[in-house]
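Asker: The structure's right below; bear with me while I get my questions together.
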Amino acid sequence: MGFSLLVDDFQIIEFDPKNADESLIEKYLDWEEAVNKIWNPDEPVKDREAVLKLQRNRDPNYTTKSWVILSKQQSIVIGYSSVWISSQDNPNHDQLKHLAYCSITILPKYRWQGLGTWQLETCLTELKKHKDITTIQASARDISGKQFCEKYKGSLVLEGVENRLYIKDINWDLVTSWVK
């Protein structure tokens, strides 16, 4: 399966959603549901097949590598990380070849135990293989993510907002008036 490292009660495993065994896929999908429940408590649970389809059919303009952290004792995924790098076939490769996106997410119960740092080391080891990469971009969804970035000298360069419109809140009379 590729890269695998064991430290105490945890193991980082390279995660290829196209080739992973069903047991690991199910553990990953359980983790995905847990994270989405934390980030979006009012949202319905995402369809597992749809989540898996998105993971398996990634943007062809980027090369992606992913890892999961497994808890040996509980046999569950407690963390996930990935790196995205512009592929040679990307029409914007010349403008993007210096940039990599890195994502690290650890379940709250397991944070501040060195696991995020361990995943960061894994991501950086992969990115070091790509000589054009000069900048790593990431986002932080909560205060612990921002603190983690600051710990490693990351700087806030852009702050964003996510807007959501829930179907239940739509004024359908207004929408209907737009098409008349």
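Asker: Between region 62-78 and region 37-51, how far is it from one alpha carbon centroid to the other, in angstrom?
Answerer: Using only Cα atoms to place each centre, the spacing works out to 19 Å.
Asker: OK, next. Report the net charge of residues surrounding Tyr62, where surrounding means a beta-carbon distance below 12 angstrom and charges are Lys +1, Arg +1, Asp -1, Glu -1.
Answerer: With Lys, Arg at +1 and Asp, Glu at -1, the neighbours total +1.
Asker: Continuing with this model, one more query. Are there any trypsin sites (Lys or Arg not before Pro) in region 92-132 that are in a DSSP loop and have at most 11 other Cβ atoms within 10 Å? List them by number.
Answerer: Lys128, Lys129, Lys131
Asker: Can you tell me the convex hull volume per residue for region 1-87, based on C-alpha atoms, in Å³ to the nearest whole number?
Answerer: 109
Every read-out reported here was derived from the displayed coordinates using simple, explicitly stated rules and does not represent laboratory data. Since we're looking at a predicted model, the values are computed, not measured. Every residue, glycine among them, receives a Cβ derived from its backbone with ideal geometry; neighbour counts consider all protein chains shown.
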